[in-house]
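Colleague: Okay, handing you the structure first.
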Amino acid sequence: MDEQYMRQALRIAQYAAGRTSPNPLVGAVIVNQGRVVGEGWHKKAGTPHAEIHALHQAGTLAEGATVYVTLEPCSHFGRTGPCTEALIKAGVKKVAVAMTDPNPLVAGQGLSKLRAAGIEVVEGMLAAEAAKLNEAFIKWISCKLPFVALKTAMSLDGKIATYSGNSQWITGPAARRRVHEYRDSYDAIMVGIGTVLADDPQLTTRLAEGGKNPIRIIVDSHGRIPLTAKVITDKAAPTIVAVTGQASEDKIGMLQKAGAEVLVVSEDQGKVNLRELLKALATKDITSILLEGGACLNASMIANKLIDKVYWFIAPKIIGGTQALGPIGGQGVSLLQDAALLEDLSYELLDDDMLLTGNLRDREGRDVYRTCGRIRES
């Protein structure tokens, strides 16, 4: 029953997917004498946390109850008060947490305060599921880098377009809807200038029921983006254009006048230094990025070990052509033993298309993102 209640907390935490950044997703369930008397989830940054919503619902029934919460209750004053104080004041008997909070402002202090108040604390219940729920927050708070997921769609023979550049649509409506659901849940979406010049995309979320538009990030080393591009003229979402010193001051000024934010980043082999760019984006509270880049940007991000996850759509089509592009460009590896690997694989059919989802590993099977680029044996 303990795990059942924690799974309920994990499930309701997801109700706010894409809405709490830069805060984590958190769910809480309060149980008294075998009956759920309160539940809540964190709905938006700056608003009451999950525990507070659950306590309000439980009222006096919180006294002597057990609280199941997916992340360690906070113990500090931020935009809201500490949840530990509210739990102690309510007189709860026991608190079960899935995982401790990696935020240095909490990091075990919340649990210590609960124990000091005589409340029984249980840690680690469904910890792996809780970590997966907040993989973006964990990466951002621990590494000061956004969590990056690469999304690509290709044919059965590995093509993202025909030799003439035609790419709409490789996958069907169900797969395309899933992509818009991802856009709704990520803080930002990133593409390279090649994608903008070739397709002039809007990079917005288009779901029948609405949705949140991600911040648009364009990697454009020389500042070639036209002022007429939809990501500039369409004000449905903010746009950040990342350039190097090779971009002219006049063009930067025109982009800023048009409403875009311009980040001037140092060069890495004549192009935008991608790691420096991600660090800059992290300081803007961008915790997660959906990469929908072309073959060149995808290759650079993988080479720099900046990809954490992939959403790989495969359509049952054969395009052919030696000049037709694949999803990953660049020179690639010379030996198969150097290929990047995926773990935690899952497969799903979306009508006739297949979606493969997995986390990226390095060639020796070691975890890259959880160690902030400092490779260690898993």
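Colleague: At R0 = 25 Å, how high is the FRET efficiency between Leu227 and Lys284 if r is their beta carbon distance? Nearest 0.05 is fine.
Modeller: Efficiency, from the Cβ-Cβ distance: 0.60.
Colleague: Which pairs, out of Lys132/Lys212; Lys230/Lys251; Lys284/Lys309; Lys257/Lys279; Lys159/Lys230, put more than 19 Å between their alpha-carbon atoms?
Modeller: Lys132/Lys212; Lys284/Lys309; Lys257/Lys279; Lys159/Lys230
Colleague: Follow-up. Where the Cα atoms of the chain are projected onto their three principal axes, how long is each span, largest first, in whole Å?
Modeller: 68, 45, 44
Colleague: Can you give me the long-range amide H partners of Leu291? Hydrogens built in the peptide plane at 1.01 Å from N, cutoff under 5 Å, separation of 5 or more residues or another chain.
Modeller: Amide H to amide H, under 5 Å and 5 or more residues apart or across chains, Leu291 pairs with Ala149, Leu150, Lys151, Met190.
Colleague: Once the Cβ-Cβ distance between Glu261 and Ala303 is put in as r, and R0 is 41 Å, what FRET efficiency do you end up with, to the nearest 0.05? Mind showing how you got there, number by number?
Modeller: Numbers: r = 26 Å, r/R0 = 0.64.
That pair, Glu261 with Ala303, gives E of 0.95.
Colleague: Let me ask you something else. Would you grab the residues whose amide H sits under 5 Å from the one on Gln202? Only those 5+ places off in sequence or on another chain, please, with H modelled 1.01 Å from N.
Modeller: none
Colleague: For an R0 of 35 angstrom, estimate the FRET efficiency from the Cβ-Cβ distance between Glu120 and His56 and round to the nearest 0.05.
Modeller: Efficiency, from the Cβ-Cβ distance: 0.95.
Colleague: What translational diffusion coefficient, in µm²/s and rounded to a whole number, does the Stokes-Einstein relation yield for region 234-334 at 37 °C and a viscosity of 0.692 mPa s, taking the hydrodynamic radius as the Kirkwood radius over Cα pairs?
Modeller: D = 205 µm²/s.
Colleague: Taking N as the number of residues in region 87-136, what is its alpha-carbon radius of gyration divided by 2.2 N^0.38 Å? Don't skip to the end; give the middle numbers.
Modeller: On the way: Rg = 11.7 Å, N = 50, 2.2 N^0.38 = 9.7 Å.
That ratio works out to 1.20.
Colleague: Something else about it: Does anything in region 302-323 have its amide N under 17 Å from the 7 Å Cα→Cβ label point of Asp344, and if so which residues?
Modeller: Output list for this probe position: 306-312.
A short reminder: the numbers here are calculations on the coordinates, not readings from a lab. All values derive from a computational prediction rather than experimental measurement. In this analysis, Cβ positions are derived from the backbone assuming ideal geometry, glycine residues included, and neighbour counts consider all displayed protein chains.
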